[in-house]
């Protein structure tokens, strides 16, 4: 009798753990549309984001802005499913002592991801929206020098 109870408990625990793992990975699956190379060309320069899947719970991206032959901005991004939270971690070269800043997700859908960190100086909110015709809009919002500011970048998949 004891062996049957022990076996039943182990089976229930195993099934529960597997189901939780699947639920956890579902959030990052909603971001699969980010995977690929994205680019925005403007008179100011070229913004590029290259997203790749590292494993079933982590994506990695390099984002850079080039004007002429100069790289004016370089950022490494890690999008990770940590427990039940999808977190966007940005490390910007030359900012925050080159340490990552975390932005936990506040909303995830098949067409939009929203990340917020109200304690960060700027931005406090990062939004990615999937558009039509292989486009993606990246938007950063927050108070900059005391004024609410929004910067929007529409990128096309390459």
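Values quoted throughout were computed directly from the atomic coordinates according to the rules given, and no laboratory measurement underlies them. Please read all numbers here as calculations on a predicted model, not as lab measurements. Backbone-built Cβ (ideal geometry, glycine too); neighbour counts: all protein chains shown.
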Full-extension gain between residue 32 and residue 93, please, as 0.36 nm times their residue separation minus the C-alpha to C-alpha distance.
19.4 nm
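Quote the FRET efficiency, to the nearest 0.05, computed for residue 154 versus residue 58 with a Förster distance R0 of 22 Å and r equal to the Cβ-Cβ distance. Could you put the intermediate results ahead of the total?
On the way: r = 26 Å, r/R0 = 1.19.
Using R0 = 22 Å, I get an efficiency of 0.25.
Specify whether the C-alpha gyration tensor of the range 23-138 places it in the rounded, prolate or oblate class, a ≥ b ≥ c being the square roots of the eigenvalues: rounded for a/c under 1.5, otherwise prolate if a/b is larger than b/c and oblate if not. List each step's numbers first, then the result.
On the way: a/c = 1.78, a/b = 1.29, b/c = 1.38.
The shape class here is oblate.
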At residue 46 and residue 76, where each label point lies 7 Å from the Cα along Cα→Cβ, what is the point-to-point distance in nanometres?
2.3
Once you sort the root eigenvalues of the Cα gyration tensor of the range 86-151 as a ≥ b ≥ c, which label holds: rounded (a/c under 1.5), prolate (a/b larger than b/c) or oblate (the other case)?
prolate
